[in-house]
Structure formats: C-alpha cells, structure tokens
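Where a number appears in this text, it was derived from the coordinates with a stated rule and is not lab data. As the structure is a prediction and not an experimental result, all values here were calculated from the model. When we count neighbours, we look across all protein chains shown, and the Cβ atoms used for this are built from the backbone with ideal geometry, even at glycine.
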Amino acid sequence: MTNPHDVIIKPIITETSMNEMVDKKYTFAVDRRANKVEIKQAVEKIFDVKVDKVNTINMVGKVKRMGAKQGKRADWKKAIVKLTPESKEIEFFEGM
C-alpha cells in the first residue's frame with residue numbers, strides 16, 4: 001500500500017472522537033490490512049503532522065435483520081492517532 005489515501009479511508013466523527021480532539025487524538029477508519037507503521041506514515045504525509053502513537057482496533061460488523069432475512073455488516077479497522085504536543089492540529093477537524 002504505497003498510496004496513503006488507500007490506507008486512510010475516512011475520518012470517524014462521533015461525540016467521543018470529538019472530545020478526544022482536545023488531547024490531539026484523531027480517529028480514522030483504515031484499511032484492514034494496514035499496520036500501525038503504514039497508518040502513521042499515511043497520516044503524516046496526508047495532513048503534514050507528526051504522529052506520536054497509533055492504536056488500532058478491529059471492529060466486528062453487526063448482525064442485522066430485515067424480517068426473516070439476516071445479514072452482517074462488513075468488518076472494519078479503526079485507528080486512533082495521537083499527535084505530538086508540538087505538532088499542529090489537523091485542519092480537516094477544526095470546523096467541527
């Protein structure tokens with residue numbers, strides 16, 4: 001995965017993730033095959049910031065029903081990225 005935009009899929013905007021932004025922690029949905037080093041390099045290249053730490057969580061898709069039919073949402077990976085104290089904020093999240 002050489003393209004950083006293939007690693008970072010989308011930002012996660014929830015009440016909890018917005019509260020963590022005070023501590024310079026940002027949450028992203030990432031490619032399931034990406035490791036912490038690839039996620040760190042992708043965030044640093046896309047947003048021009050310095051990453052201190054990356055935590056990853058494999059999220060299991062929910063089982064959903066519609067009448068008698070049952071299906072399952074896709075599994076996905078979530079990454080919580082903590083920036084260094086001297087790093088600038090990610091501008092994408094500033095207007096939220």
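What do you get for trypsin sites (Lys or Arg not before Pro) in segment 51-96 restricted to DSSP loop and a cutoff of at most 15 other Cβ within 10 Å of the site's Cβ?
Filter output for segment 51-96: LYS62, ARG73, LYS88.
Looking at the chain, the GluC sites (Glu not before Pro) that sit in a DSSP loop and have at most 11 other Cβ atoms within 10 Å of their own Cβ are GLU86, GLU94. Between GLU15 and ASP75, residue separation times 0.36 nm minus the direct Cα-Cα distance comes to 19.4 nm. Charged neighbours of LYS64, selected by a Cβ distance under 14 Å, balance to +4 (K, R count +1; D, E count -1). Working from Cα pairs under 8 Å separated by at least six residues, relative contact order for the chain is 30 percent.
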